[in-house]
Structure formats: structure tokens, C-alpha cells
1. Tell me which residues, restricted to segment 805-853, are loosely packed, with under 11 Cβ neighbours inside 10 Å and either in a strand (DSSP E or B) or among the charged types (D, E, K, R) (or both).
2. Please indicate, with yes or no, whether at least one residue in segment 233-244 is free of Cβ contacts under 8 Å to residues at least 12 places away in the same chain, farther than 19 Å from Arg426 by Cα and of a type in the set (A, V, I, L, M).
3. How many of the residues making up segment 647-674 are over 28 Å from Gln537 (Cα atoms) and in a helix (DSSP H, G or I)?
4. Given (1) over 28 Å from Val410 (Cα atoms); (2) among the aliphatic types (A, V, I, L, M); (3) modelled with pLDDT under 95, identify the lone condition not met by Ala227.
5. Need pairs with beta-carbon distance below 9 Å; first residue small (Gly, Ala, Ser) and within segment 12-23, second modelled with pLDDT of 95 or more; sequence gap 6+ or separate chains.
6. What is the one condition in (1) under 23 Å from the mean Cα position of the chain (by Cα); (2) surrounded by fewer than 21 Cβ atoms within 10 Å (Cβ to Cβ); (3) of a type outside the set (Ser, Thr, Tyr); (4) under 30 Å from Thr218 (Cα atoms) that Glu583 does not satisfy?
7. Say whether the condition of being part of a helix (DSSP H, G or I) and crowded, with 20+ Cβ neighbours inside 10 Å is met by at least one residue in segment 14-27.
8. Could you check segment 473-500 and list, in sequence order, the residues that are among the aliphatic types (A, V, I, L, M) and surrounded by 12 or more Cβ atoms within 10 Å (Cβ to Cβ)?
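The values are calculated or read from the model by the stated rules, or taken from the named source; none is laboratory data. It should be emphasised that the depicted structure is a prediction, and the values quoted were computed from it without experimental measurement. All Cβ positions, even for glycine, are placed from backbone atoms using ideal geometry, and neighbour counts span all protein chains on display.
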Amino acid sequence: MRPQYDPARVESTAQAKWLEDDVFRAVEDEARPKFYACSMLPYPSGKLHMGHVRNYTINDMLARHMRMKGFNVLMPMGWDAFGLPAENAAMQSGVSPAEWTRLNIADMKAQMQPLGLAFDWSREIATCDPQYYKWSQWFFLKLLEKGVAYKKTQTVNWDPVDQTVLANEQVIDGRGWRSGALVEQREIPGYYLRITQYAEELLSAIDTLDGWPDRVRTMQRNWIGKASGVRLAFAHRIRDASGQLIDAGMLWVFTTRVDTLMGVTFCAISPEHALSRRALELDPGLEPQVKACRQAAEAGPATSAQVKIGVPSGLHVEHPLTGEPVALWITNYVLSEYGEGALMAVPAHDERDFDFANQYGLPVRQVIACDDQVYDFQDWSDSHAGRDGHLINSGAYDGLTVAQATQAIVAALVERGMGEEATTWRLRDWGISRQRYWGTPIPIIRCEHCGDVPVPYSDLPVVLPTDCIPDGSANPLLAHAGFRQVACPRCAAPALRETDTLDTFVDSSWYFMRYCDPDSDTAMVGPGSRYWMAIDQYIGGIEHAVLHLLYARFWTRAMRDEGLVAFSEPFKNLFTQGMLLRESYYRAADDGSRQWFYPAQVTVQYDEKGRPVKSTALEDGLPVIIGGVEKMSKSKNNVVEPKDIIDRFGADTARLFTIFAGPPDQDTIWSDSGVEGAYRFLRRLWTFACDSQARDGRDDGVEDVAESRRVRFEMHRLLQQVNSDYERMQYNTVVSGAMKMLKVLEGGRAAGLQVTREGMAILLQVLNPVTPHITQVLWAELGFPGDIYDSSWPVPDNEALKQDEVKMMVQVNGKLRGEILIQADADHDAIRIRALADPVLRSHLEGASRMIVVPNRLVNFVI
């Protein structure tokens, strides 16, 4: 055994063994319990950084741990290969998206290989492969037959930079989630999926997802957004240019607080509402103000923290109970696609309405009073909502509780034909048409005679041309005659292919099932999915808590209803890992852009408390702005590339640091010194193993029995804690537990050889999922049987955990005063006598009235 730890030699040795034995190939085996561990498939951006290393090491630890526990483990990898980044790169480089994507996949695989990740590469998929997206097209046609997929023209979110439609979930603060451009509203025909058909099931099933983080389940509930309330009408006499009453003379709204109806002081409508359009026809001078409202509305619904703007329409509606006129305001905080595109405004009991009314000097009429609370008409308080109060200023309803008033007002509305109880949903059908090239072609042919004709199943896949290079002007498929010009499948007349492609979230809604049967050319999913699905542990970022996860849950149900799968939920357990953060530095240009600097390009000055106060660029000595810690991102030049760490310290060090740096479900800041500390630990491990091997060769038979007992107790006590940490996926404390184990072994050199050898085996096994290379080589060098990855996971020995004597901390009134060594089964009297006999403790225990004992841990005397 070489005396010096050589990471390159160790890691090449281990990986050669894995490759030779094809260790990580997963094969269905009904005789063994299965475990499917899957990370969300990455986009092939071309470069890995240490944030990726952390994410995949978490999955790798889980897979290796479960394998050693006896499970048949599947851990696959693939590529979310379609999407706009490839088109943008093509415009910059002149390389086709297909070539750019393939090169990046090859580069990223080459960067993953040194990390020793236990992927079953035989199941690799890329969503841009025709043999994959053939089945997305096939299933789209199935959904079209059932009416779950359909085509319509609707106002959509249009990204003017990416030149594509965005789903509501892809609009963040009014901007495109990729481009950051302000989103516009446009009328465009496209295909949709009836996800709303599954809304109730998707919502109720959230309660069954016990293995999901509460935060994610809440986000799913909020996005589905079921609300029970009342749909009611404000009558009006507003007519269109032809003299017809608009919407039959009714302005419909939905409210969950009908008890506040008597507090309505105005109604708010969206800039796209029919009454808004009529107001503009009657008074064209409103156009600039309405346009401002429209632009603000397109930026998203205003929250309590955002500016709300509006313009009086000059029109009025009638209160449904009193008949009083109610002014109509066109505002930015009502969106046409939500509810009725209108709302009744109750400023006294709704924060957004309160802010708007105060901003424009509109009446605030309190109609709910709470005992012992004085209503403040100047500043909003959560108590203003008045959910537990009684009605005032509400005529016949005065004195009623909120519940009583709700029942009475609903009855009055129903009697007048002006309202009814109703349920609304925030969830909208999923628009899947994208006006871009690099995606799955929608299998539809447009014929002048037959209309939109589905491509016959026998003609699938509709293969996307790979020779296009977008220039940013339009979808290049529009000008690709070889792709676009075809014969109609029904009448054989000249026709045109649909040039829209599917939203890439379609590709990622079922890829995890394709991993189970990646080579099947006769079925979307085969028998492998019956063995492996559902996923036992799914791992990914919290940023996908709404988009991807909701779509995947819907898509799985649609597949179930087509008879393709027998389950409804694809992910039994979900783990959302934290991000790896690093300092960022930049300079702002006159045009608002930023020039980002690598941390190595910057000198930072700190104050006396170690806080950064000033930074300058090494190249010119001029100031740069300290941007704070940000998620590692190539665009911000704050990434650390794995190759740099692996070349210096080895892959095991890279893996060890990213896991030890912090709890895996929390964000963690990168530390250069932390990497060096991880490397020192692995060198200590190697050195101790060398010493143990040398000692084993010169066994002199001398053993300190008491020391052996102590070492065994400490090792199995730590193993007990480490096993608990593994089960909870608290992997950072797994590493700290392993570090404590090494310290116990290093300090227990008087223990017997068998005890030391047992302890070393335990340490190597618990470390193997974290640092698989060094532990495998040491396992072989020290002569342990078989291969470590096939060894059985260690369990604590109850006999080793029994102690004759224990060390107990002694407190007086909760303050630590010393410790005693006493028999493990000592009773309270024996503990008291032993403590009073200690010369150091005796002076502190005078006057002690009672004693509280935590068995085998501490005793607290109360004076």
C-alpha cells in the first residue's frame, strides 16, 4: 500500500473496476426490492460547476446507500435537450442547435465521468432524439382524440425577445422566465391541454404526498387555487355601438367575502374587459391612461407591495342589493384571464382595494366590526379583514356574524337572480404551442380543404430538421420547404405542416418513465415501468415546484386514463436541494448591463468584523460592485469548475466538500478553505489506513481491553447516529459523524486489532456513498472481503452499546460544574453519593434540595 494518498491513481483504479464489472447497470429483478432514485434531468448547457456536483452527489449518495442496504437500484441520466438556449447559441455561433446540443451533451458527460457518479448510462435519453419525441407526438394525438388536447385562439403571454408564447407559470413579475423581457398580450391560435379537467384530483391528491416538503405542497395548492364563494352580478344599462346591452346587462364578479357586499364602493375591471373597450369608444381621451393600465397589468397582478394604477371609466353599474350606482374603474390589478376579469372592491376589508382607494381618494366604508378594535382608516392592518366580526353599516344585516351574514346575503342574491354559490380555480389550461424551431414538432398538417389533420400514427415521428440555424427573425421552419410542404393525409392535396413546436415541459413531463424502457420502439412505456415506477426518491430544485411537478402529475394521470400506467402519482418522495452560492462582483454599464468578474479577478477589503466593504479589479485597480452571494452561474462568472478542484484535490474531495458544507436542503456558500479541509481529512484517512495495515503485519498481541470496549462503544454509537442521518438525508452530518469515527480510531491505538479493523470497516462503509473511490481502494488494500459496493450496510451492535461505566455531566441550577464516572445502572442514591464525594463538586452542592437525572447523560442539582 502506497504511503501517500494519490487521488488520481486511486480514482482511476476504482473507476476501471466499475467499468470492467458494469457495476451500475440496473436490471429488473422481481426477487429484490427496487429503489428508483432520480435527479431532474439537466439542460445540456455544456459546463458543469460545483453546484451541479453537489446536486448529483446527493443523488449518488442515496443510490449507493440503498444498494448496500440490499435494494435493486436504478439511477439514470438524460438530457432536457430542446429549448431556446440552443437557438440563442446558434444565433451567436452560427452552429445549428442540433450540433450545439450534441457537443454539449458529450462535454457534460465527459465532465461527469471523473466524479464517479453511479449512473446507469445504458438508459441515457435525450429529448431531442426522434425515438424519444415520437412518443410525445403519439400521446399528443391520443389526447387530441379524447378532447384533452384542443386548439383555440386566446389572449396569450407573448415574449417579444424569445418570440414565443409563455404559460402563465413562465411569466415572473411580468417578464419572460428566460429572456427577462416584458411580456405582451396577443391573440394567437394554439393547442392546449385540459389540465383543468384534473384540477380537483390534482388538488385533493396533494394530501397524500407525505414524502414531499410542506413548502412544495403549499405552492402546488396555491397554484391550483381552488376558491369557494359566490358569483354575483352588478346590473348595468351600458350598450355597445349597435345598441345591444354588453354581456346582457350584467357585470359578473366572483368573491369569497360576500359578507362585505354592503361595503362595495367601486368595481374594478381589467383593461381588456368589454366594458373597458366600450369606455374607450365613448371617450378616446382615456387611451393613454388605459394603455398604462394595460402595460402594468401585463407585468402581472399587483401585489400589496406593488403600485396599483387605475382610471375612472365614466361608467357605472348598480349594487345588486341596494340598486345604488357603483363607479367602474379600469385598473392594473385585475387580469382578464383570472375569474371574470372584474371584481367588487371593498376597500375597508381588502388590502389591495384599501391601497387603491386611498391612492385615488375613493370612499372606504367599514361594514365589519371586531370587538375591542378601532378601525384605522389611514393604515392597513390584518385585523381590517374582519373575518371574526359582526356587520355594521349594512342595513338589515347589521349585528349578524360573518357566517350569518354570508348565508343571508347569498339567499337574497339567489332570490333576486343576481348570484349563486360557485367555485373558481386559479389553474388554467396548459398552452403547449411554441412559435420556435428547436422543439418537438406538433404532428398536425394544415389543409385548405380538410382543416387541421392529425399526422397518421404510422407516419410518426415527424422528424425535426437538424440543418436549421435560427437568425432571430422568425421560426426557420416557416421557410423550410422540405419540412413544411406535404400532402394532406386525407385528401392528398398540397398542405402545410404545423410549424409550432411543443412546450419543452411536455418533454420533461414523462422522461422518468422512458428511463424504465428507453429502447422500446413499440410502446411509449413498457414492462420496465411496471417494475420501477413510481420513483422512490425524486431530487431537484425548488424552482420546479409549480411548473414541472404539476405538469408531470397531470401527464401521469392522462397516461393512466389511456391505460399506459396503473398509478397516478409519479413521485413518492421529493427532495429539493439547496443551491451552492458564491460571491459575485460586477460593474454597471451605461446601458444597464453588467460586466461580471470572477472572484479571482478581484481584491476585497474587509472591516474589523470581517465584512466586505470595498472591492477593486486586479486588472485596473478600479472599483467593482460587491454583488453579494449568488447562485453559482456562468453568466455571473462566479462558478467553480469541477475540473479545477479534481485536478488539485481529486473527485472525492470535491464530493466530500459539497456534502459537508451544509444541510443538503439549504443554500450553502462556497469556501476555498473548506475544500482544503476536506482534502486533509482524506489524507488522514489514508495515513491511518496505512498505519493500520502496518500494525496488522506486526501484531504483538497486546490489547487494552478497556480501550477496546470504549472504541467499540464510540464507533457503534456514532454509527447509530450516522444511520439516522442517512435515513433523513442529512448528509452533511453523515460526514461529520465519519470524521468523528476517524478521530475515535486515531485516539484508540491501544485497542485490539480486531476492534480497530471492525471500526475501519464501518468507517469505510459509511463514507463510501460520499467518497466512493478512496473507500473502495482502501477496502481492497486492507483485505476486506468482496467489493465494498456489494457489502451489507453496517448496523449498530447492541452489545457494543452496553456500558459498565458512563460519564455524566453534573449541573447545578442548569450550569455545568463538572462530571462524574459511574456505573451505568447506578440508581439516584448512588449518583448523589458519587457526586457529593467529588472534591470539586462538593462545594457547589451545599443546600441542594432535589436532583434531576437524565439517565447515562447528566444530573442537575437544584438549589
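1. Listed by number, the residues that qualify are Lys815, Leu821, Asp827, Asp829, Glu846, Arg850.
2. No, there is no match, as no residue in segment 233-244 is free of Cβ contacts under 8 Å to residues at least 12 places away in the same chain, farther than 19 Å from Arg426 by Cα and of a type in the set (A, V, I, L, M).
3. Summing the residues that are over 28 Å from Gln537 (Cα atoms) and in a helix (DSSP H, G or I) in segment 647-674 gives 6.
4. For Ala227, the failing item is (1).
5. Correct list of pairs: Ser12/His773; Ala14/Gly116; Ala14/Pro772; Ala14/His773; Ala14/Ile774; Ala14/Thr775; Ala14/Gln776; Ala14/Val777.
6. For Glu583, the exception is condition (4).
7. Yes, segment 14-27 contains at least one residue that is part of a helix (DSSP H, G or I) and crowded, with 20+ Cβ neighbours inside 10 Å.
8. Listed by number, the residues that qualify are Ala474, Leu477, Leu478, Ala479, Val486, Ala487, Ala495, Leu496.
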